[in-house]
1. Identify, please: which residue in segment 73-90 is in a loop (DSSP other than H, G, I, E, B), in contact (Cβ under 8 Å) with a residue 60 or more places away in the chain and not basic (Lys, Arg) and is, among those, farthest from residue 253 (Cα to Cα)?
2. Answer yes or no: is there a residue in segment 91-104 that is at pLDDT 95 or above and outside any helix (DSSP H, G or I).
3. Looking only at segment 141-178, count every residue that is of a type in the set (A, V, I, L, M, F, W, C), part of a loop (DSSP other than H, G, I, E, B) and surrounded by fewer than 17 Cβ atoms within 10 Å (Cβ to Cβ) and tell me the total.
4. Just checking: which of the strands (runs of 3 or more DSSP E) contained wholly in segment 2-52 hold 2 or more residues that are surrounded by fewer than 19 Cβ atoms within 10 Å (Cβ to Cβ) and without any contact (Cβ under 8 Å) to a residue 24 or more places away in the chain?
5. Do the conditions hold for residue 235, that is, is it assigned to a loop (DSSP other than H, G, I, E, B), over 17 Å from the mean Cα position of the chain (by Cα) and crowded, with 17+ Cβ neighbours inside 10 Å?
6. Kindly check whether there is at least one residue in segment 54-72 that is assigned to a strand (DSSP E or B) and either surrounded by 14 or more Cβ atoms within 10 Å (Cβ to Cβ) or in contact with a Leu (Cβ under 9 Å, 6 or more places away or on another chain) (or both).
Amino acid sequence: MVISGGTDGMGRATALARRERGDAVVVIGSNAEKGRALGPGITFVQADLSSTAEVARVVATLRERLESVDALVLCANRQSPRRRETPEGLEYTFALYFLSRHLLAEGLRPLLEAAPAPVVVNVAGVGMTKGAIAWDDLQLRRGYGMVRAQLQAGRLNDLLGAGYRGKARYVLYHPGFTRSGDLSPLPAPLRLTLRLLARVAARPVAASAAPIVELVDHPPAARLTAVDRGKVLDPSLPTLDPAAAERLREVIERAGWR
């Protein structure tokens, strides 16, 4: 299995749990020290997934080394209080939280389709209806805000699941508030607030990761499954609109993000 954003939080918990079950696990992350700390039995690939060139390099490397992928788990995300751009001129949250996930799923599709029962798990915010997609300003050059960027990327990930055309079963998974993730990019007061809230309201990482661990062995029968904090959602949810998914596909194709 391949896990993006697997050096922290739920990605790390999933990697360790699947290793214990005997899986060959590949973790993609930007922090080499955290990658080494995963220990033996996990292959670490260092990459900055906010860069489309880096994603392409990772895809090429994995397609050269692997014959198949049974599960692709997409966790990579990091909040950015201020708007910043990647070397390719893309807004950082858009590039990391959304585009890297699309490019990995599409780039690794031949390996997924070589597996008998492949599954893609996209860990985002399905079930939430807040936020909107700025179709005329996807890079949020006007009115950027950290929360706005995160919500937009979450809605775009919903549409990735709704529009996925590969053989793999696609699962959109919202774990809810979890003691997970790297808070270091956030201002100190916000970090403190989140840590205090997490002590009383957040789920343990292992509990939030447990359904992902099981999905690898038991992929759902449906082409698309959306799970919000343990509840399987109706696929007619407005944020899973097939017409909007097709619109996103057209945007991706025009931009050449393949």
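1. Filtering first and then ranking leaves 81.
2. There is at least one residue in segment 91-104 that is at pLDDT 95 or above and outside any helix (DSSP H, G or I).
3. 1
4. Answer list for segment 2-52: 42-46.
5. no
6. The answer is yes, given that some residue of segment 54-72 is assigned to a strand (DSSP E or B) and either surrounded by 14 or more Cβ atoms within 10 Å (Cβ to Cβ) or in contact with a Leu (Cβ under 9 Å, 6 or more places away or on another chain) (or both).
The values are calculated or read from the model by the stated rules, or taken from the named source; none is laboratory data. Every value quoted in this text rests on a predicted model; they were computed, and no experiment measured them. Please note: Cβ atoms are built from the backbone with ideal geometry, for glycine as well, and neighbour counts cover all protein chains shown.
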